[in-house]
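To start, the structure under review is shown below, and the notes come after it.
We did not get these values from a lab; they are worked out from the coordinates using the rules stated. None of the values given here were measured: they were computed from a predicted structure. In this analysis, Cβ positions are derived from the backbone assuming ideal geometry, glycine residues included, and neighbour counts consider all displayed protein chains.
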Amino acid sequence: MVLLTALALGPAARDAVAMAWVVDPAHSQLTFHPRLAGGEFAGRFERFEAKIRFDPADLAHSSLLVVVDLPGARTGDADRDAALQGGDFFQTTLWPKGTFASTGIRSLGSGRFEATGKLTLRDVSHDVRVQFRFDSTAPSGGTARMIGSSNLRRLEFGVGQGDWRSTEWLDDSVRVEFDLALRAAR
């Protein structure tokens with residue numbers, strides 16, 4: 001029956017695209033949590049953009065694209081913030097953007113999902129997995145929240161040069177978390 005309906009409705013039904021969502025930057029955050037000298041500190045990216053097409057019932061047509069403005073990394077410590085911009089870490093004069101582009105999304109059950117995709121930092125790309133929850137106010141649109149995290153290996157991307165290649169003081173693993181307030185695109 002579904003196939004007959006799709007054939008009757010033509011290409012639009014066969015080429016469905018998941019709902020587009022717009023991020024509300026005033027109520028969203030993207031944070032990172034490294035461990036330095038055994039203690040964790042938090043940082044945030046002040047500026048980022050996301051193109052989200054997501055429908056829990058249509059994961060085949062869902063996608064995530066996030067572009068992060070790396071000069072907007074802030075930790076609350078001016079010296080540390082300056083170091084993040086330099087050659088030992090993000091080298092923002094050469095690579096001012098970081099990107100994540102999903103290549104697939106799968107359900108983990110109970111409103112939880114996992115996106116696989118390419119993360120690019122310092123012109124180095126690696127496959128990563130991002131787990132998230134998606135809570136929508138209405139199946140047909142309205143507002144939603146997308147909350148999730150991923151553990152990244154900073155050294156895979158060259159984030160940590162010179163003395164910072166050592167993990168004696170700064171762990172290789174960095175947890176990245178996000179909490180996105182979304183509204184359906186009209």
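Structure summary
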{"read-out": "Residue in segment 30-68 that is surrounded by the fewest Cβ atoms within 10 Å (Cβ to Cβ), counting only those that are in contact with a Lys or Arg (Cβ under 6 Å, 6 or more places away or on another chain) and closer than 20 Å to GLY142 by Cα", "value": "SER63"}
{"read-out": "Residues of segment 155-179 satisfying the condition of being more than 20 Å from SER125 (Cβ to Cβ), of a type in the set (A, V, I, L, M, F, W, C) and out of contact with any Asp or Glu (no Cβ under 8 Å at 6 or more places or on another chain)", "value": "TRP169, LEU170"}
{"read-out": "Candidate set: segment 162-186, residues that are among the charged types (D, E, K, R) and more than 17 Å from THR75 (Cβ to Cβ); chosen: the one surrounded by the fewest Cβ atoms within 10 Å (Cβ to Cβ)", "value": "ARG186"}
{"read-out": "Complete set of residues in segment 143-179 that are touching a Pro at 6+ places or on another chain (Cβ under 9 Å) and of a type in the set (A, V, I, L, M, F, W, C)", "value": "LEU170, VAL174"}
{"read-out": "Count of residues meeting criterion [of a type in the set (Lys, Arg) and buried (at least 17 other Cβ atoms within 10 Å of the Cβ)] in segment 146-161", "value": "1"}
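To keep it simple, each residue is scored yes or no on (1) in contact with a helix residue (DSSP H, G or I) (Cβ under 8 Å, 6 or more places away or on another chain); (2) among the small types (Gly, Ala, Ser).
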{"site": "PHE45", "(1), (2)": "yes, no"}
{"site": "LYS51", "(1), (2)": "no, no"}
{"site": "PHE54", "(1), (2)": "no, no"}
{"site": "ASP79", "(1), (2)": "no, no"}
{"site": "GLY109", "(1), (2)": "no, yes"}
{"site": "VAL130", "(1), (2)": "no, no"}
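Per-residue answers, yes or no, for (1) of a type outside the set (S, T, N, Q); (2) under 22 Å from PRO25 (Cα atoms):
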{"position": "GLY104", "(1), (2)": "yes, no"}
{"position": "SER110", "(1), (2)": "no, no"}
{"position": "LEU119", "(1), (2)": "yes, yes"}
{"position": "LEU152", "(1), (2)": "yes, no"}
{"position": "PHE157", "(1), (2)": "yes, no"}
{"position": "GLY162", "(1), (2)": "yes, no"}
{"position": "SER166", "(1), (2)": "no, no"}
{"position": "ASP171", "(1), (2)": "yes, no"}
{"position": "VAL174", "(1), (2)": "yes, no"}
